[in-house]
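Here's the structure we're looking at; comments come further down.
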Amino acid sequence: MLRRATAEDADAIAAIFTAARDEQRFIPALHTPEEHQWFFREVVLPEQEVWIAEEDGAAVGFAALNQDLLGHIYVHPTYQGRGIGRVLFEKVKERRPSGFTLWTHQPNEGARRFYEREGLAAVELTDGAGNEEKVPDVRYEWTPES
């Protein structure tokens, strides 16, 4: 089930984010779980459109939109490979029918394959100097088919 996230979802969203990032060994750990909780509670939820995926009443994934930027899309590692990411992605496409962009790290091969299967195109590669983690990244773009 998908629903709009509320302020009460901040800790669950932060836990999903933390678990997913912990699996991405190429990203340095720059923040504590408590800092992630603060970030989602004080910055993301008040300022962005956030959708949460639930399974059996538990939050298992989320997507956060900031205008035409998909700033976050994460599925808890335990629930990956079950189609939850695709359901979240379909919601993002529905909410941004004119298109959107997102960034991911170049070493994140699983995410990159997923985005390319979903019809996104890589439009920019960087050396990572502009991101907090200093890991090379890639900007993807989705535009609807004519």
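Looking across the range 112-142, just one residue is under 20 Å from Leu65 (Cβ atoms), part of a loop (DSSP other than H, G, I, E, B) and without any contact (Cβ under 8 Å) to a residue 24 or more places away in the chain, and that is Leu120.
Residues in the range 85-111 that are assigned to a loop (DSSP other than H, G, I, E, B) and among the charged types (D, E, K, R): Arg96 alone.
In the range 59-115, of all residues being farther than 22 Å from Gly130 by Cα and of a type in the set (Ser, Thr, Tyr), the one that is surrounded by the fewest Cβ atoms within 10 Å (Cβ to Cβ) corresponds to Ser98.
Among the criteria (1) in contact (Cβ under 8 Å) with a residue 12 or more places away in the chain; (2) over 24 Å from Tyr115 (Cα atoms); (3) outside any helix (DSSP H, G or I), the one Phe39 does not fulfil is (3).
No lab work stands behind these numbers, since they all come straight from the coordinates. Since the structure is predicted, the reported quantities are computational estimates derived from the model, not experimental observations. Ideal geometry is used to build each Cβ from the backbone, glycine not excepted, and the neighbour counts take in all protein chains shown.
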